[in-house]
Amino acid sequence: MGSDYIIDLALVLLVVRQIRPRMLTTQSALLPLALVGLAGLRYVRAFPTAGHDLLLDLVLVIMGVACGAISGLGTNVWRSDAGTVMARAGAVAATAWVLGMGFRMGFDVWAHTTAGQHSLLRFSIHQDITSAQAYVVAFVLMAFAQVVVRVAILQLRRSALAAPASAVAA
């Protein structure tokens, strides 16, 4: 379980790196994508589809897309005097990122408490969620959606700014 929190914390702490202005490149997308890829490889062993498992996936993916979009759009992106594309997460972007990733980590901590286990069992029975693996998959998909959407938005914004000024004016 210790390595679970290392990946969670690494994803949350990415926001620290984003608060200071930094060059936005194709390579800057690699670390967050690698972290969610690692989480997927580590945690997704089966893909439950019975009961309302797919609905759970859909709800958490939508939450991930929303957090990723808010974080991507809330990041300041500009072209520096040197011609490089720079980015810095604003307060809205950082808050959306931490809320999305922090919610996942908080749920994981809560689900491992006695009260959390009992509440989650009752909720799962009532909502027809078939297994703990259904939650694992849903939360990995949420993190994946959040990261991919944010990275895609930033890379699209970078590409638009990186285009030569004559191409933009045409």
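The values are calculated or read from the model by the stated rules, or taken from the named source; none is laboratory data. Just so we're clear, the structure is a prediction, and the values are computed from it rather than from any experiment. Here Cβ is always computed from backbone atoms with ideal geometry, including for glycine, and neighbour counts include all displayed protein chains.
Structure values in brief
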quantity	calculated
Enumeration of residues in segment 44-63 that are in a helix (DSSP H, G or I), touching a residue at least 12 places away in the same chain (Cβ under 8 Å) and either in contact with a helix residue (DSSP H, G or I) (Cβ under 6 Å, 6 or more places away or on another chain) or surrounded by 15 or more Cβ atoms within 10 Å (Cβ to Cβ) (or both)	ASP53, LEU56, ASP57, LEU60, VAL61, MET63
Flag if ALA160 is within 23 Å of THR26 (Cβ to Cβ), aliphatic (A, V, I, L, M) and assigned to a helix (DSSP H, G or I)	yes
Segment 13-36, subset of a type in the set (Gly, Ala, Ser) and surrounded by 13 or more Cβ atoms within 10 Å (Cβ to Cβ), residue nearest to ASP81 (Cα to Cα)	SER28
Cβ-Cβ under 9 Å pairs, at least 6 apart or on other chains, segment 112-124 side hydroxyl-bearing (Ser, Thr, Tyr), far side part of a loop (DSSP other than H, G, I, E, B) and surrounded by 13 or more Cβ atoms within 10 Å (Cβ to Cβ)	SER124/GLY51; SER124/THR130; SER124/SER131
Unique match (being touching a Lys or Arg at 6+ places or on another chain (Cβ under 7 Å), in contact (Cβ under 8 Å) with a residue 60 or more places away in the chain and among the charged types (D, E, K, R)) among ARG88, ARG79, ARG104	ARG88
Scan of segment 31-64 for residues that are touching a Gly at 6+ places or on another chain (Cβ under 7 Å) and farther than 23 Å from TRP97 by Cβ, ordered by number	none
Count of residues meeting criterion [within 16 Å of the chain's Cα centre (by Cα) and of a type outside the set (A, V, I, L, M, F, W, C)] in segment 10-41	6
Matching entry among GLY102, GLY90, GLY106, GLY72 (being at pLDDT below 90, out of contact with any Phe, Trp or Tyr (no Cβ under 9 Å at 6 or more places or on another chain), closer than 16 Å to LEU14 by Cα and among the small types (Gly, Ala, Ser))	GLY102
Checklist (1) surrounded by fewer than 18 Cβ atoms within 10 Å (Cβ to Cβ); (2) touching a Gly at 6+ places or on another chain (Cβ under 6 Å) applied to CYS67, failing item	(1)
Within segment 74-92, tally of residues that are β-branched (Val, Ile, Thr) and in a loop (DSSP other than H, G, I, E, B)	1
Residues satisfying the stated conditions in segment 12-43, i.e. closer than 30 Å to SER124 by Cβ and outside any helix (DSSP H, G or I)	none
Of all residues in segment 127-148 being crowded, with 19+ Cβ neighbours inside 10 Å and under 8 Å from the mean Cα position of the chain (by Cα), the one that is modelled with the lowest pLDDT	ALA143
Any hit, segment 93-113, residues being among the hydroxyl-bearing types (Ser, Thr, Tyr), surrounded by fewer than 19 Cβ atoms within 10 Å (Cβ to Cβ) and in a helix (DSSP H, G or I)	yes
